[in-house]
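Inspection log for the structure reproduced underneath, given as structure tokens.
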Amino acid sequence: MFHFQQIAYYLVLQRAGGERLKEIEGNRWVWLYEDAAQKRDFNKDPNPANGKTAGIPSWKREVDIVLETQERGENGEFKERWIELKSYMAFAPTGEGRLKLGYLKGKPISQWGAKKKASGNMHKQFLLDRAAAEEGKARWKDPKDNQYKMVSVSKEFKWYFQKFKVSPPRTAKLEVSPTFGKVGDKGTIYFSMDRLAYNRNDAYNQLNWGTGSISVSNHINHADRFEFLKALRELGFKEAVDALLEEPGDI
């Protein structure tokens, strides 16, 4: 339901003159460069075969929602903005457990090493989004001619975690969404997602993700359901709002 609500939200914003919903679960490929020469010679090459020959890994990223902005890329095309949606229960409803993810059983999010068969899938997704935003481009496969092409990518990617609180008898126990903590607090979501590739040197990390730390709190937030409902009401979808208000669990 959360994914459908967010898709509907962006469709509503599009109708109101906002960003166009370009694609749902859109496949994109992000290249991570081993050295500056690779990036210089291949950063405009869309063909993964050429990248593979040069030793550049091409990482597939399935983006939940791809928006088309009004911002222009280097070739005049509209930039994409990527939206990732997450719905996880906190490890515990209060205290330190609220800062952990239930499915990880209280363990911190693993740090990805930018290598094949490496752990840290959530961190991997975030770093690929961040790399695409840093470089300002990614690759996609055009279904019309089955050819890989370049797309321009906005720096303003977003990750939204569903915000909820569900109490018995709907569930066996109280279930709540996690909070993010602080970047400096080890083991929190913000701390884990702020890190760069594990066991890679500074030159590699800076080449692919820039020299300065991004503000993770600008990219990872809770989805505000009431902003969605407000947008629906303003566009005259009162019956839809009434129906959604009957859905339990959001706070």
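The criterion of being out of contact with any helix residue (DSSP H, G or I) (no Cβ under 9 Å at 6 or more places or on another chain), basic (Lys, Arg) and free of Cβ contacts under 8 Å to residues at least 12 places away in the same chain does not hold for Lys124.
For segment 85-110, name all the residues that are part of a helix (DSSP H, G or I) and of a type in the set (Phe, Trp, Tyr).
Within segment 85-110, the first condition is being part of a helix (DSSP H, G or I), and the residues that meet it are 95-99, 102-104.
Tyr103, the sole residue that qualifies.
Considering the conditions (1) farther than 25 Å from Asn146 by Cβ; (2) outside any loop (DSSP other than H, G, I, E, B); (3) under 16 Å from the mean Cα position of the chain (by Cα); (4) of a type in the set (Phe, Trp, Tyr), Trp82 is excluded by exactly one of them, (1). Tell me yes or no: at least one residue of segment 174-182 is at positive phi, of a type outside the set (Lys, Arg) and touching a residue at least 40 places away in the same chain (Cβ under 8 Å). Yes; the residues of segment 174-182 include at least one that is at positive phi, of a type outside the set (Lys, Arg) and touching a residue at least 40 places away in the same chain (Cβ under 8 Å). Can you tell me which residue in segment 130-148 is nearest to Pro48 (Cα to Cα), limited to those that are part of a loop (DSSP other than H, G, I, E, B) and over 16 Å from the mean Cα position of the chain (by Cα)? Applying the filter and picking the extreme gives Asn146.
For the condition of a type in the set (Phe, Trp, Tyr), under 21 Å from Lys60 (Cα atoms) and touching a Lys or Arg at 6+ places or on another chain (Cβ under 8 Å), what is the one hit in Tyr204, Tyr160, Tyr190, Tyr198?
On the way: Tyr204 fails: touching a Lys or Arg at 6+ places or on another chain (Cβ under 8 Å); Tyr190 fails: under 21 Å from Lys60 (Cα atoms); Tyr198 fails: touching a Lys or Arg at 6+ places or on another chain (Cβ under 8 Å).
Testing whether each residue is of a type in the set (Phe, Trp, Tyr), under 21 Å from Lys60 (Cα atoms) and touching a Lys or Arg at 6+ places or on another chain (Cβ under 8 Å) leaves just Tyr160.
Taking the options Ala138, Ala92, Ala49, Ala133, name whichever one is buried (at least 18 other Cβ atoms within 10 Å of the Cβ) and without any contact (Cβ under 8 Å) to a residue 60 or more places away in the chain. That would be Ala133, the only listed residue that is buried (at least 18 other Cβ atoms within 10 Å of the Cβ) and without any contact (Cβ under 8 Å) to a residue 60 or more places away in the chain.
Residues in segment 1-37 that are assigned to a helix (DSSP H, G or I), of a type outside the set (S, T, N, Q), farther than 17 Å from Phe226 by Cα and without any contact (Cβ under 8 Å) to a residue 40 or more places away in the chain: Ala37 alone.
Scanning segment 163-217 for residues that are under 21 Å from the mean Cα position of the chain (by Cα), in a helix (DSSP H, G or I) and not β-branched (Val, Ile, Thr) yields a count of 11.
All of the numbers you see were taken from the coordinates with simple rules; none came from a lab. None of these values were measured; they are calculated from a predicted model. No Cβ is skipped: glycine too gets one built from the backbone with ideal geometry, and neighbour counts run over all protein chains shown.
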